[in-house]
Structures are given as C-alpha cells and as structure tokens.
Amino acid sequence: MRDIKSLEYEKLEKLLRGIEKPGRYIDNEIGTSSKDPGKLKPDSVIVALAFPDIYEVGMPNIGLQILYDIINRHPSFSAERFFAPWTDMEQQLRETGTRLFSLENRIFMESFDLIGFSLQHELLFSNTLNMLDLGGIRLVSEERSVDTPLICAGGPATVNPAPMSRFMDFMVIGDGEEVIIPVLENLARFRTGTIDKDSFLRQISTMDGIYVPAYHKYIYSDGGKLEKIEPGNKTKKAVLSDLDDIHIVTRPIIPNIKPVHDRFAVEIMRGCGRGCRFCQAGFTNRPVRSRSADRLIEQSIEGLENTGYDEISFLSLSTSDYRDLERLIRGVSEKTEEERLSISLPSMRLDSFTMGIAELVQQGRKTGLTFAPEAGSQRMRDIINKNITENDILDCIELAFRKGWEKIKLYFMIGFPGETGEDVLEIAALIKKVATRARNVMPRDKVKRFNMNVSINVFNPKPFTPFQWSSQEGVGSLKKKFKLILDNVHQRYIKISWSDPEKSRLECTLSRGDTRIGKVIEDAWKNGAKFDNWADLFDASPWIDSFHKNDIKIGYYTDREYNTDEILPWDVVDIGVNKESLLSVYRRVRKVIKDKA
Amino acid sequence: MVGKRIRFKFSKIGVFRYLSHLDIINIIARAIRRAKIKLEYSKGFNPKPKIIFGPPIPLGINSFAEYADVNVSDDIDTKKFQFWLNNQLEGRITISNAIEIPDGMKNLMSQVDIVEYLIEIEGYTCREDSIKELIQQAVKGIDTEKSIYDIKLLKRECEYSNILLLKVYGYTKTLRGRANRVFKLKDFLESLKNILTTKNMVIKSVLKNELYILKEGKKLTPFEVLQSFV
C-alpha cells in the first residue's frame, strides 16, 4: 500500500467558509478522470498538474487538458489538478496550517511522485514558488530529499530554462504529448527502486525535450558576465511531428464555474509560418503543423456533443492562415445540432480574413473581432516583419463591419527597436482611420453601438527571436509614448488600455535571465511577490528589493543591446531555429534603423 | 410550435451549494444540450436559452427546493426529460420531478412569494418560551418583521436532543396590499447568530426547504400550483 495523505472532506468545508469563490476548490466537474488513490498499484505514479494561476485562468488551457487526458488514460498513471489558491484561500490555508491539496482527491502535494508546473509566461514564476511552499515542499531542488516529489515545468516560459533552474529537477522544452509517458515509465522504475534518482534523470535527459538543470553549469566571470555553460551540449526541443497523432480531447473537464474562456477549444494548427520578428511563439513552435480538416470536423462535433458547449474556438497562432478554415467552419456548423453555435476565431490575420469566413462566422452569435496590426507605420511593420499594409487593414475592417460586426479589438505594441515619436503618432492615426472606416460602412442604425477597444502592449525582446539581442525601451520613455497616443485619440467610443511597463520590464528580465535570477525570484517571493500578472496585485517593490539584495541590476537584462558574440543563457536549448539566421535578420534590421537615422 | 414548458425541481447540496445561481444555470443548460433536448432561445442580438430559475440563495446554503422553468422546442415527455437530464448530470445535481406547465401560467420567478428555510439551532437548554423571546429579538433586531410571513419553532422529536428546529417563511418579493419587505437570509442569520451566542447556542445548519405561492390564503408549492390551475 502506498502512503497517500489527503484532506478530509469536513476540513475542506471548514476552509471554504467565507471564501469568495468556493467553486474554484470543489472539483466534481463533468469529465474528471483521476484514478482512485486507494486502488493504485505499487508501481503506479501519481502526477500533480499544477497551473500557477487561479482555476478560471488555468482551466481553458488546452495543454493542461491534453496532459491530464494522456496520463489518466494510461492504466497505471494518474493525474490530479492544482491551481494557485486566491489570496483569501491562501490565508485560510496558512492560518489553519493546511497544506496545498489537489482538486480531485484532495491529496497533499507532498504525496505525489511528480509535480509538473505549466509556465505559460514568466510572471507566473512567483506563484510557482508560492504553490510549492504551500505544499510544504522545499523550493531549491538540491535541498530536497530523495523521497520528496520530483518537480518539473513545461510551457512557453521554459524555452530559456535558466531562471527557474534553481527549483526544477527537470524541464520539458517543446511539445509535451509524446514526452510524458516515457518520463513516467522511467519514474515508476525509480519509485519502485529499480533505478536511483540520478539514473532516472540521466535516462530522461537523453530524450528530446528534457533539460536537467543539475547537469549544466553556468560559469560567470568576475565582472558578472556569463562566460561559459558546461558541458556545451544542447537540449533539443521535443517536436510532435504529426498533430493528427494526438486526438483532440473530446471529453475535457467542463468547469463548474465560469472560466475566462467558456467554450470548447480546438487546436487546429501549431506553429506559425509568418515570422513576425517580435513573436517568440512564432519561432519556438516551428515547424507549422496542421490537423486535417476532416478529422477536425469529426472531433469538433464529438466534443460539442460531449460537452454541451454552444461556443467553439479554433485555436492557433494565426487561425486565418489555416488553409481549410472555411471548410472547417462550414463543416462544423452544418453537422452540429446546436443551432446557436458561435464560433470564435482568435488570432486572425488582417490579410487572410476573407468574406467567406466573415459570412460563416456571423451566422451564429457574434463574438468579438480581434486583430493585431501591432504597429502604426508601414516602416515599423516592415521592421517587425508584420507583412500587412494599411489598405489590408482597412479593407478587412470594412468587410467585417459591412457584415454586421459592431465592436472590434485592436492590438498594438510600442517600444520596438528604432521606433520614433512619428511611428507612435501613426498608431493614433491608424486607430482613428479604422474607427472612421468601420462607422462609415456600418448599417446606420448600428453606428451608435460601435465600440472599439485598443490594447497597447510593451515590446519585449525575447529569447529565440531576431530581437533577442535588442534592448528594451525604458519605462519613462514608454510612458511618454503611451501618453502621445492618448493625447491624440479622443473619441468616446474608443477605449485604450495598456500594459504596465514595469511589469513588462520584469517579464523581459525573467525571460532573458540566467541562473542567478533564480535566487532573485526566490527572494522576491519571500518579499511577498505573487500574482504578478494581475494588474491590481502586481507590485514592483518586492522585485526591486530582491534585485538589490542580490546585487543584480535589472538593466543588465533589459536596457542594453547584447553583444552578438556573447553567450546567451538559453544557448543550452536547441529550439530548432538556427542562431546564425536570427543573427542575420537582426543585423539587417539594425542596418535599416541606422540608415534612417 | 410543438414546444412546451416544463417545471423541474432539484437539490443543491454538498459541494454544489458552493456554486452560484449563474453557474447552476450554465451547468443545467449544458446538460440539456448534451441530452439533445432542444431549447427555445430568446430573440435579439445575444440569444439566451429560455430557462427561468427561482429566487437565488446565498452561496453555501443547502437547498432541497431549487426550481426552474424551461421552454423546450420538442414535444418531449416530462419523465423522459427528467431521466435524460439526470443521466447527463451524472449525479451531481439530481432532478427530483418535472411537470409540464399549462399554457397561460406565469413563470416561476413571477409566481413565487415565499421561501421556507429550516434552521437547526444547537445547544438549547432553557425553557421553550424564552427561546421564542430570543428569536423574536433576533427578528426585531434587524427590523425584518415585515419580511417574515410566518415563523415556527419546533422541538426535535428526539427527547434528549438539544437541537431546535426553526421554520422561517420569508417573502421573496413585495406583495400588493401587504406592505411587506423582501426577506434577507444573510441579515436574519447574522442577527440570530449574535443573539444565540449570548446563550451559548449556535446555528448548526440552514436549509432552503420549499418555495410557495400564495393563492387564496393558502400556500401552494410550485408543483401544487400547476395542478390547481384550471
């Protein structure tokens, strides 16, 4: 018999008293499939799938649903879920001395064999440590004893494994679908005593996609530069070569409380063929792989019938680039018995949104329309390789608003390399042009309902993009640029919001950080950092204090142009894109910027 | 149009009492769709399924008396409706009964006048008349007299029990000619708790037990009112 400790139901009831949204912690959704811990065999492995944000944010994540499905389908493995408890629940847990427990069987974190964190972005690092601490698990991997659970992480924020290396026994880089089962098989051999922990880690480190921090040494010079990483071998990212090999999760867990995206999600394509130079996902998810439309139609219908959702979203980095999109939408709308099916298409390209798509989508309940011109001026769009013209943008807007849309959301970024005040003014101008064009072609009775949301993000030079050597613009000058946009757009039907540049600065530091950042993250968490991605909870001061304490300057990671020959913390990973080719693009861009100046 | 209106009753107990009114609506709407029962939708820009639920209760309170009226566009037998829906809810929420609503009858929300709560009080040692006084104080303490249709104190049948059972009938809306107020459970419980604490008594449990419609001076449940409709 395995010794699995869990929280009694009565104690859960007590914890939930006075909690704002108890529905986050009660499990009991349709679609859960964890195994009964009392019936686990000695060689079974139980895995905690931990999402370091709240339930409503984590549940729509398809990666979580895919891994949960794969693990629980296996006869001897079981997966349960953990989410970050909201601050009121954390207080309850700490005050009552209750350790963090899983949703399904309320098993304490310490009783799991493996805890896998999903790191969707860098601002979840502090929450990750907070969850480990709430679970009663030592943060630093080398301080953990051999019988504590192994801790790993995967997701977009692990492409540079260095910052979180301090805490992780291993990291999964790339697609996790085909990696997870072999890892668990090896883990079972370790847990039953067939092999020791080191042999386990050695064994899995030979697989594509597995990075074991303990086997890599970052060496810094006295001046504080990263001098060498030993040994020099690179971890190749794991690539799922054929998406059709992995069935869509057609019986996902259906949340009982409303998640941020309340719909059936279908990944139609992975990777993006566009090559926008700021977009990390575009480079790290290569090559582009599509699912076949026929199978998508079949599995989408199956999923809608199994779940009862009345909305479906077709996910990818650039959904309108999926070659059979019209056939897919038509196929799903025709075959479903749900007459009110609404179709949501995030990530539409302004130059591949067609009349056909517009017509098909508008038959159901119209979801919002979202486009990302990213930059205002043609010069800037050329620099970032967003290959669309102003005419593309305006024609597309016209098409959509003629078809009956009433609202639109636009995404822009400021702070790109070489961006001037003029370029920023052109963002303001484009916003107004879009609004004017939309209002001119809308049916007259609808004009008063027109509204437009504009979201201005801060450019983050990220690893594995041609801009990975670029500096990030300072907070002060970003604020001026944002104000410039605000000062030039006054229409009451246009709402403009932007991301906190302090937060972007932190994100940039954490994404380009080296192994010394681990201690900074730990100390920032000790100072109270958590929920850094939540606008009303984000506080830069614990981070600033932590950088001071560790005698590390944030500016080292954000403010400077990197030397093109310096060793980068993420050089330990082979992401599938040649560094030389990134460099040649970077050089070309720099030349364009210099020629203008 | 072959559609019909169906009134059904379900319980919201255990962990499901932690789900909000809106959450339950979504859970049931999805289950209806999974059961392939065709729903009628409202008209307009953002069509919503036509499901009307009874008055909501605060999060965390057990209920044996949740009701909903749904418009379906199929001519489906109510027993089948109940069976199919329960199948899809997989025991999480259980529909205990479903009855067709006759044409011309008002919907649930506009019908219901009174909600009945059962409140268990533990630690009772004093004589019964003094506890009555305490409860009167609790009612007066928050000026809720006008929101209560009736209140009854029952001693549990078990001789040695120190548990009292309180039945509170609160108004769910203001009624013509009564000058009443809407009963607020949270306020009432707060006031009751404060007074009981002084006598070392506690509220052990609260249960929403039934809904009533006042008709010619009689209290009828949402199902009884269907049968009384001529």
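Here, each number is a calculation from the coordinates, and none is a lab measurement. It should be emphasised that the depicted structure is a prediction, and the values quoted were computed from it without experimental measurement. Neighbour counts run over all protein chains shown; Cβ positions are idealised from the backbone, glycine included.
Given the options B:SER110, B:SER205, B:SER42, state which has the largest fluctuation in a GNM of chain B using a 10 Å cut-off (strictly under) for Cα springs. Per the Cα network of chain B with a 10 Å cutoff, B:SER42 tops the list. For the pair region A:158-210 and region A:477-500, the centres of their Cα atoms are 46 angstrom apart.
Using a Förster distance of 30 Å, how high is the FRET efficiency between A:LYS495 and A:ILE593, based on the Cβ-Cβ distance and rounded to 0.05?
Values: r = 32 Å, r/R0 = 1.06.
Efficiency computed from Cβ-Cβ geometry: 0.40.
Convex hull of alpha carbon positions in region A:18-114: directionally averaged projected area 6.5 nm². Overall size of chain A from C-alpha positions, given as principal axis extents largest first: 71, 65, 47 Å.
Roughly what percent of Cα-Cα pairs across region B:114-225 reach past 22 Å?
33 percent
Using every Cα-Cα pair within region A:9-236, state what percent have a distance larger than 23 Å. Percentage above 23 Å: 48. Relative to its Kirkwood radius, the Cα radius of gyration of region B:1-55 gives an Rg/Rh of 0.98.
Just so you know, the Rg over Rh for region B:41-128 is 1.08, from Cα atoms, with Rh as the Kirkwood radius.
For region A:340-347, 3J(HN,Hα) computed residue by residue from phi via the Karplus equation (6.51, -1.76, 1.60; θ = phi - 60°) reads 9, 4, 10, 10, 10, 10, x, 6 Hz, glycine and proline entered as x. Cβ distances below 4.7 Å define possible disulfide partners, and in chain A the cysteines left without one are A:CYS152, A:CYS272, A:CYS396, A:CYS508.
Exposure proxy check: B:PHE83, A:PHE82, A:PHE450 ranked by fewest other beta carbons within 10 Å?
B:PHE83, A:PHE450, A:PHE82
For region A:293-345, which GluC sites (Glu not before Pro) are in a loop by DSSP, counting at most 15 other Cβ atoms within 10 Å?
Here the GluC sites (Glu not before Pro) that fit, given the DSSP loop and packing criteria, are A:GLU337, A:GLU339.
For A:SER6, nonlocal amide neighbours, meaning residues 5 or more places apart or on other chains whose placed amide H falls under 5 Å from its own, are A:PHE108. Treating each Cα of chain B as one equal point scatterer and applying the Debye formula with no solvent, the log10 of I(q)/I(0) at q = 0.08, 0.11 Å⁻¹ comes out as -0.35, -0.63.
When the pairs A:LYS403/B:LYS48; A:LYS386/A:LYS553; A:LYS14/A:LYS526 are compared against a 25 Å limit on Cα-Cα distance, A:LYS386/A:LYS553; A:LYS14/A:LYS526 fall above it. A simple count of charges around B:PHE64, restricted to other residues whose Cβ falls under 15 Å of its Cβ and scoring Lys, Arg +1 and Asp, Glu -1, yields +1. Give me log10 I(q)/I(0) at q = 0.12, 0.17, 0.20 Å⁻¹ for region A:229-356, Debye formula, one equal scatterer per alpha-carbon, no solvent. Values, matching the q order: -0.51, -0.94, -1.21.
Based solely on its DSSP helices, what 222 nm [θ] is calculated for chain A when runs of n ≥ 4 H residues each add -39,500 (n - 2.57) and the sum is averaged over all residues, nearest 500 deg cm²/dmol? Numbers along the way, then the final one.
Values: 20 runs with 210 residues, N = 597.
When only DSSP H runs of four or more count, the value is -10500 deg cm²/dmol.
Within the straight-line cut-off of under 16 Å between alpha carbons, the aspartates and glutamates reachable from A:LYS479 are A:GLU419, A:GLU422, A:ASP423, A:ASP487, A:ASP500, A:GLU502, A:ASP559, sequence neighbours fewer than 8 places apart in one chain being disregarded.
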